[in-house]
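Undergrad: Have a look at this one.
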Amino acid sequence: MTESPAHSALWPAPTAPGAVDATVTVPGSKSVTNRGLVLAALSSEPGWLRRPLRSRDTLLMAQALRTLGVGIDETVSSSSAPSGETGGGEAWRIIPAGLRGPATVDVGNAGTVMRFLPPVAALADGPIRFDGDPRSYERPLGGVIDGLRALGARIDDDHRGALPMTVHGSGGLDGGRVEIDASSSSQFVSALLLSAPRFNQGVEVRHVGDTLPSMPHIRMTVDMLRIAGAQVDTPEAGGEPNVWRVTPGALLGRDLTVEPDLSNAQPFLAAALVTGGRVTIPDWPEHTTQPGDALREIFTEMGGSCELTEQGLTFTGSGRIHGIDIDLSEVGELTPGIAAVAALADSESVLRGVAHLRLHETDRLAALTKEINGLGGDVTETADGLHIRPRPLRGGVFHTYDDHRMATAGAIIGLAVEGVQVENVATTAKTLPDFPEMWTDMLGPVTATARRA
């Protein structure tokens with residue numbers, strides 16, 4: 001885990017002048033946007049993706065698909081809302097085409113791009129090289145590589161099981177049965193399932209490793225496949241445990257509206273909890289597969305209350321923050337924000353089931369321990385998580401390691417601790433563009449003016 005010398009700018013995290021009272025409109029879900037792009041690109045007819053997230057990760061996905069020959073037209077107009085809805089917004093029209101190489105795909109440090117697109121590349125005609133940020137070379141990819149090889153793909157990775165690599169597309173893939181260890185990332189399973197309808201035999205993916213993390217994301221993949229017309233058999237539907245089957249067949253072009261990114265709503269809900277205030281997130285879905293929906297229960301247990309109405313989710317803090325003992329294995333991406341809140345609580349917290357976070361954008365467990373302790377905290381790593389003992393915190397630099405969720409965690413702590421400076425807050429553009437402006441606007445015009453001065 002190393003700091004990035006290229007991004008040393010420090011952002012003074014605003015301290016809350018009082019209880020927040022704000023409505024915050026959160027952009028679309030990264031997970032839904034990138035899955036929607038892949039499924040639309042593999043469909044038999046054009047489709048629409050409305051209100052997509054425009055961020056580094058999603059733009060990398062869109063550009064990668066364009067590189068492979070897919071047409072993606074971006075529009076912004078009042079007609080972008082589906083029939084029966086009001087308002088406009090951005091809409092992307094995806095026009096499938098014959099996938100082709102040679103081409104080079106820049107994955108940045110986006111897990112969805114580096115894992116979802118190699119199976120797509122195996123369907124292309126020609127070699128597709130994958131490269132990315134230095135950190136992408138360290139992130140696990142072996143489950144996808146080994147799985148694709150077992151299904152008939154030819155891949156050159158110099159036996160690293162990681163980037164950079166080249167997928168030699170042959171215009172199709174046999175598919176069939178495959179066993180993979182996805183204990184380090186559920187994206188390995190999603191990657192094979194998303195392209196499976198285009199495999200000659202479909203696919204049967206069997207997870208054979210330890211506990212599979214982030215199951216909500218696999219459920220999201222399955223739901224979106226079914227919306228696109230795919231037939232999917234799952235463990236939840238009475239199938240074998242840890243086995244998913246996708247039948248070969250044509251995917252249909254759909255008109256899909258992207259939900260708000262509920263995980264990106266986390267810091268704003270946390271602000272209500274930390275300040276004893278109230279924040280409303282419009283358009284919070286009543287039913288969703290997004291892991292961020294768990295925040296309603298988690299933050300309520302930590303001292304708040306919430307109400308879900310047709311207008312959205314309103315979360316209200318009580319003025320006190322309680323520690324929590326919780327297994328976050330299914331919602332690991334929420335760990336940094338929960339750890340930040342726990343560092344400000346009135347009792348100890350134990351966050352469990354998230355050993356796989358050591359392989360995310362950075363080693364999140366080591367990074368959270370180092371940075372919170374650097375502000376005077378008392379955090380220790382466990383085998384699969386963190387033990388957080390609240391202590392009076394002080395100002396200082398909160399390093400982010402090019403990790404967007406580390407940046408928002410630092411901002412959360414800064415609400416209650418004067419003098420916190422978040423290094424490279426711009427890394428939030430990975431999934432949440434304009435986060436600094438959204439943050440200061442939430443805190444009110446006085447704070448926003450001070451931050452811009």
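Undergrad: Tell me the net charge near S186. Cut-off is 12 Å between Cβ atoms, S186 excluded, with +1 for each Lys or Arg and -1 for each Asp or Glu. Intermediate results must be reported in sequence, preceding the final value.
TA: Numbers: positive: R115, R219; negative: D181, E330, E333.
Result for the neighbourhood of S186: -1.
Undergrad: Any idea how far apart L308 and R352 come out in nm if each label point goes 7 Å out from Cα toward Cβ?
TA: Output for this residue pair reads 2.6 nm.
Undergrad: With charges set only on the Cβ (+1 for Lys and Arg, -1 for Asp and Glu), what does the dipole of the range 214-337 come to about its Cα centre, in debye to the nearest 20? Working shown, then result.
TA: Numbers: 7 positive and 18 negative charges, 36 e Å.
With only Lys, Arg, Asp and Glu charged at Cβ, the dipole is about 180 debye.
Undergrad: Any idea what the dipole of the range 30-257 comes to, in debye rounded to 20, about its Cα centre with Lys/Arg Cβ at +1 and Asp/Glu Cβ at -1?
TA: Here the range 30-257 has a charge dipole of around 320 debye.
Undergrad: Moving on to the next point. Cβ under 14 Å from R66's Cβ, R66 left aside: what net charge do those residues give with Lys, Arg +1 and Asp, Glu -1?
TA: -1
Undergrad: Suppose the chain between D125 and T75 were pulled fully straight at 0.36 nm per residue; how much longer would it get relative to their current alpha carbon spacing? Don't skip to the end; give the middle numbers.
TA: Details: separation 50, 0.36 × 50 = 18.00 nm, distance 2.94 nm.
Full-extension gain reported as 15.1 nm.
Undergrad: Taking the range 239-327, which GluC sites (Glu not before Pro) meet the DSSP loop condition and have no more than 15 other C-beta atoms within 10 Å?
TA: The qualifying sites are E286, E310.
Undergrad: Relative to the Cα centre, what is the charge dipole magnitude of the chain, using +1 at the beta carbon of each Lys and Arg, -1 at the beta carbon of each Asp and Glu, and rounding to the nearest 20 debye?
TA: Values: 37 positive and 55 negative charges, 133 e Å.
For the chain, the charge dipole is close to 640 debye.
Undergrad: Considering the dipole of the chain built from charges on the beta carbon (Lys and Arg +1, Asp and Glu -1) around the Cα centre, which of P127, F268, I218 is farthest to its positive end?
TA: Going by the Cα projections, it comes out as P127.
Undergrad: Would you mind checking which residues have amide H under 5 Å from D21's amide H? H placed 1.01 Å from N; only 5 or more apart, or other chain.
TA: For D21, the qualifying residues are R278.
Undergrad: In whole Å, what three semi-axes, largest first, describe the equivalent ellipsoid of the range 338-417 built from its Cα gyration tensor (square root of 5 times each eigenvalue)?
TA: Gyration-tensor ellipsoid for the range 338-417: 18, 15, 10 Å.
Undergrad: Nearest 0.05, what FRET efficiency do R100 and E437 give at R0 = 45 Å with Cβ-Cβ as r?
TA: The calculated FRET efficiency here is 0.65.
Undergrad: Run the paramagnetic zone check for E297: 7 angstrom along Cα to Cβ, then residues of the range 331-365 with backbone nitrogen under 16 Å.
TA: Under cut-off, by backbone N: 331-335, 352-353.
Undergrad: What is the sum of charges around A342, taking Lys and Arg as +1, Asp and Glu as -1, for the other residues whose C-beta is under 15 Å from the C-beta of A342?
TA: -2
Undergrad: Starting with the fewest neighbours, write out I227, I72, I326, I218 ranked by other beta-carbon atoms found within 10 Å of each beta-carbon. Can you show the working numbers first?
TA: On the way: I227 14, I72 18, I326 23, I218 26.
By the 10 Å Cβ count, ascending, the order reads I227, I72, I326, I218.
Undergrad: Grab the alpha carbons of the range 30-257, take their convex hull, and tell me the volume per residue in Å³.
TA: 109 Å³
Undergrad: Shifting gears a bit: Can you list residues from other chains, or at least 5 along the same chain, whose modelled amide H is less than 5 Å from the amide H of G176?
TA: Those lying under 5 Å, H to H, from G176 are Q201, G202, V203, E204.
Undergrad: Right, next: No solvent, one uniform scatterer per C-alpha: report log10 I(q)/I(0) for the chain via the Debye equation at q = 0.07, 0.13 1/Å, two decimals.
TA: Each listed q maps to, in turn, -0.34, -1.18.
Undergrad: Could you give the length gained by full extension between H168 and E138, i.e. 0.36 nm per residue of separation minus their alpha carbon distance, to one decimal place?
TA: 8.6 nm
Since every read-out is calculated from the coordinates, none of them should be taken as a lab result. Source: prediction; values computed, not measured. Reconstructed Cβ throughout: ideal geometry from the backbone, glycine too, with neighbour counts over all protein chains shown.
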